[in-house]
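Written below as structure tokens is the structure these notes are about.
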Amino acid sequence: MSLLDETVSVPRRTMTLFFMIDTSGSMAGSKIGAVNDAVVNVLPMLDEISVTNPDAEIKVAALEFSTGCNWLYNEPKLANEFVWQDVQANGLTSLGAACEELENKLSRSKGFMQSASGSFAPAIILLSDGAPTDNFEAGLAKLKGNNWFKSAIKVAIAIGDDADKEVLAKFTGTNEAVFTVHNIDALKQIIRVVAVTSSQIGSKSSTAGDTTKQDQVISEVQNAVDNIDGAEVATKVDGSSYADDWD
Amino acid sequence: MRCFDFHCQGESHKATNKVCQDYSYSHIDENGLAIAVVCDGHGGKHYFRSDVGARFATEIIANNVKEFVYNIDETLFVGQPFTQQAAIQTEIDRQDFRKEKPIDNAFRQLFASIIGQWQQRIEQHASDNPLTEKENEQVEEQYKKEFLSGYKLEKIYGCTLMAYVSTPKYWFAFHLGDGKLISFDQEAQWNEPVLWDDRCFLNKTTSICDSDALNEFRYTYQGDGGFPVAVFLGSDGMDDSFGEETNLVNFYVRVAKSLVKDGFDATFTDVKETLPVLSKRGSQDDMSIACVYDEEALKEALPKFILWQIAITKAGILKVNNKILEATDRRNELEEKVLTLEKDKIALRYAQNDIDRAYTEKQQLVKKMNVLLEEYYGKDFVPYQDEVGEQPKERQQVWRMDDHPFRVHLVWVEKEL
């Protein structure tokens with residue numbers, strides 16, 4: 001007689017993918033349009049990873065920040081149930097407030113997370129085209145004390161030359177996890193690559209090893225970036241190979 | 001008193017042809033000294049002999065504990081109330097130092113001895129066992145170099161450890177790293193007797209291979225006559241399979257009930273069959289379990305174990321009922337509106353999804369509840385019912401989306417009933 005009868009629950013493990021999207025005024029037009037399109041198109045791919053992955057199901061949460069910040073939904077949704085509501089661009093860049101808000105939700109008691117047993121570390125993708133207009137350092141300091149954030153896969157996408165890559169590197173913990181894009185197609189492609197790679201690696205069982213999941217994601221995205229025209233690793237020392245083209 | 005233990009290769013280790021890195025042990029001697037140990041060797045390429053490290057740690061703990069118990073002045077324990085001691089590193093972080101009794105010095109000596117002997121044993125093993133062909137093929141160059149030079153050798157063999165020890169007059173338990181140690185008392189109340197270490201989070205854990213491992217031991221003891229009815233030790237492969245801690249506890253309750261109803265042999269066979277299945281369905285990790293229990297006390301506590309399960313199931317149903325009521329209010333409110341905003345259409349869809357999912361969850365919980373009610377009250381039990389009830393059939397609907405599945409153009413369709 002099995003001990004796993006109807007009185008025993010064995011839930012699937014969960015990995016949550018967070019999008020943090022800059023919706024300040026400078027994102028208006030083609031940039032925000034590309035972000036909306038790219039996320040809509042990547043959701044079915046995340047669903048497929050979730051459905052075919054025996055290790056964990058993938059949930060998605062999205063936080064937009066401009067003058068203040070706002071969650072698209074008040075809980076993470078399964079990838080196949082996430083209905084993207086096109087975000088609009090206007091206002092300032094409250095990245096510090098967004099960091100604080102993310103910190104609030106990266107907890108079990110008051111936030112989006114479940115028990116650490118049965119969860120994988122989250123993946124967080126930050127997209128921005130500018131520099132914070134609020135107290136980013138204070139928000140980030142708070143976030144850096146959070147265990148979920150410490151363990152998370154963190155990748156940032158710098159949209160254009162005006163994005164403050166130093167700030168994004170502070171967020172991810174390394175400038176190797178910051179990728180710059182210079183045109184619409186590159187932006188769409190990099191969102192897909194980063195979201196899919198983070199979800200694939202983040203939702204797989206692994207044991208304590210020497211290569212962190214973040215390092216694995218960085219390595220795979222760096223390889224992919226070589227084949228995306230208009231995208232590059234932000235650390236490139238010999239200057240950018242591309243000029244911004246957002247028309 | 002009786003005991004058992006079992007460890008098995010995890011599903012992900014089978015897939016990658018990696019050996020089981022867990023090890024377990026349990027024994028009760030003629031004087032009533034019961035020992036249960038679980039050690040979990042680290043995964044990752046760096047820790048390519050952690051299976052050996054876990055086995056050594058288990059054997060060394062068993063030997064050292066026997067020596068400790070038979071040589072220590074037992075008056076150190078006798079009369080002591082239930083006492084939990086955090087890792088010294090935690091005390092340093094909190095600036096709250098509590099290890100001041102002779103018993104604390106005794107534990108420190110025990111732990112120092114375990115670490116010291118483990119280090120000697122792995123050094124000897126490394127010296128006696130050059131890299132195998134398989135290790136040569138699989139291990140990255142930098143780790144081979146470390147192995148050959150002896151630098152960071154303990155990392156290569158690293159593991160976590162936990163132990164429960166019971167004598168006729170007192171008991172104690174200690175833990176270094178992750179995994180869970182759960183105890184049950186006569187009232188079927190469960191407890192995690194050894195304090196948790198917050199540094200163990202997701203796949204990060206403290207370890208016997210840490211440079212300050214001696215300061216990372218947490219321990220608990222009691223010598224005032226109070227004893228657990230049953231204690232279960234499980235590696236993190238176990239608790240990662242169950243998510244919420246009450247699910248893990250519920251599984252142990254299921255095992256405890258089986259020990260009483262089906263007997264030791266049948267239950268142990270079931271455990272051996274279940275753990276590989278659990279690894280496949282759950283964490284994919286290696287699995288280990290060790291248990292010490294008082295047969296008579298467990299038998300007496302059986303009805304209370306069932307009542308505990310009924311209580312947590314009831315709590316689950318109430319939580320789901322609240323979700324149903326809240327989502328139904330949301331849906332009804334939206335249905336009264338003419339929905340022109342995209343946002344409202346999405347909200348309506350989510351409300352209906354939430355209702356459907358909550359009713360499905362409730363069905364499973366009610367099924368579980370009825371099994372438990374029958375177990376407790378017998379065949380004449382009254383099946384569970386409540387005011388919220390089941391989902392009205394006319395309201396069972398599913399969403400189908402048009403050709404752009406992740407955007408907001410939505411169509412209602414009736415579910416086939």
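The values are calculated or read from the model by the stated rules, or taken from the named source; none is laboratory data. Note that the coordinates shown come from a computational prediction; the quantities given were computed from them, not determined experimentally. Because the Cβ atoms are built from the backbone with ideal geometry, glycine has one as well, and the counts that use them run over all protein chains shown.
Take the conditions away from every other protein chain (no Cβ under 14 Å) and crowded, with 17+ Cβ neighbours inside 10 Å and apply them to residue B:57. Does it pass?
yes
Could you tell me which of the residues B:37, B:52 is away from chain A (no Cβ under 14 Å), closer than 27 Å to residue B:171 by Cβ and in contact (Cβ under 8 Å) with a residue 60 or more places away in the chain?
On inspection, the qualifying residue turns out to be B:37.
Specify the residue that is surrounded by the fewest Cβ atoms within 10 Å (Cβ to Cβ); the eligible residues are those in the range A:23-42 that are at the interface with chain B (Cβ under 10 Å from one of its Cβ atoms) and aliphatic (A, V, I, L, M).
Checking each candidate, the answer is A:40.
In the range B:214-251, which residue that is part of a loop (DSSP other than H, G, I, E, B) and over 23 Å from residue B:73 (Cα atoms) is farthest from the other protein chains (Cβ to nearest Cβ)?
Within the range B:214-251, the match that is farthest from the other protein chains (Cβ to nearest Cβ) is B:229.
Consider residue B:109 against the criteria (1) more than 23 Å from the chain's Cα centre (by Cα); (2) not in a helix (DSSP H, G or I); (3) not acidic (Asp, Glu): it satisfies all of them except one. Which criterion is unmet?
(2)
Count, please, the residues in the range B:1-24 that happen to be touching a residue at least 24 places away in the same chain (Cβ under 8 Å) and polar (S, T, N, Q).
Residues in the range B:1-24 being touching a residue at least 24 places away in the same chain (Cβ under 8 Å) and polar (S, T, N, Q): 4 in total.
Take the range A:74-89 and flag every residue that is under 23 Å from residue A:31 (Cβ atoms) and at the interface with another protein chain (Cβ under 8 Å from one of its Cβ atoms).
A:82, A:83, A:84, A:85
Take the range A:128-155 and flag every residue that is more than 22 Å from residue A:111 (Cα to Cα), touching a residue at least 40 places away in the same chain (Cβ under 8 Å) and surrounded by 17 or more Cβ atoms within 10 Å (Cβ to Cβ).
Answer for the range A:128-155, where residues must be more than 22 Å from residue A:111 (Cα to Cα), touching a residue at least 40 places away in the same chain (Cβ under 8 Å) and surrounded by 17 or more Cβ atoms within 10 Å (Cβ to Cβ): A:128, A:129, A:130, A:134.
Determine the pairs where a residue that is facing chain B (nearest Cβ under 7 Å), located within the range A:1-14, has a partner that is basic (Lys, Arg) with Cβ atoms under 8 Å apart, the partner being 6 or more residues away or on another chain.
Filtered contacts from the range A:1-14: A:3/B:254; A:4/B:281; A:6/B:367; A:6/B:368; A:7/B:254; A:7/B:368; A:8/B:254; A:10/B:281.
Anything in the range B:258-274 that is more than 9 Å from chain A (Cβ to nearest Cβ) and either closer than 22 Å to residue B:163 by Cβ or within 18 Å of the chain's Cα centre (by Cα) (or both)? List them, or say none.
B:259, B:264, B:268, B:272
To keep it simple, each residue is scored yes or no on (1) part of a helix (DSSP H, G or I); (2) hydroxyl-bearing (Ser, Thr, Tyr).
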site	(1), (2)
A:3	no, no
A:9	no, yes
A:19	no, no
A:32	yes, no
A:48	yes, no
A:51	yes, no
A:64	no, no
A:73	no, yes
A:87	no, no
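Please verify whether the range A:199-217 includes one or more residues that are of a type in the set (Gly, Ala, Ser), within 14 Å of chain B (Cβ to nearest Cβ) and part of a helix (DSSP H, G or I).
yes
Filter the range B:1-45 for residues that are part of a loop (DSSP other than H, G, I, E, B) and among the acidic types (Asp, Glu); which is surrounded by the fewest Cβ atoms within 10 Å (Cβ to Cβ)?
B:30
Only one of these is under 17 Å from the mean Cα position of the chain (by Cα) and either without any contact (Cβ under 8 Å) to a residue 60 or more places away in the chain or within 12 Å of chain B (Cβ to nearest Cβ) (or both): A:45, A:20. Name it.
A:45
Can residue A:175 be described as surrounded by fewer than 23 Cβ atoms within 10 Å (Cβ to Cβ), polar (S, T, N, Q) and closer than 18 Å to residue A:130 by Cβ?
yes
I need a count of the residues in the range B:195-213 that are part of a loop (DSSP other than H, G, I, E, B) and away from chain A (no Cβ under 14 Å).
Residues meeting the conditions: 3.
Can you report the number of residues in the range B:126-152 which are buried (at least 16 other Cβ atoms within 10 Å of the Cβ), assigned to a helix (DSSP H, G or I) and at pLDDT 90 or above?
Counting residues in the range B:126-152 that are buried (at least 16 other Cβ atoms within 10 Å of the Cβ), assigned to a helix (DSSP H, G or I) and at pLDDT 90 or above gives 1.
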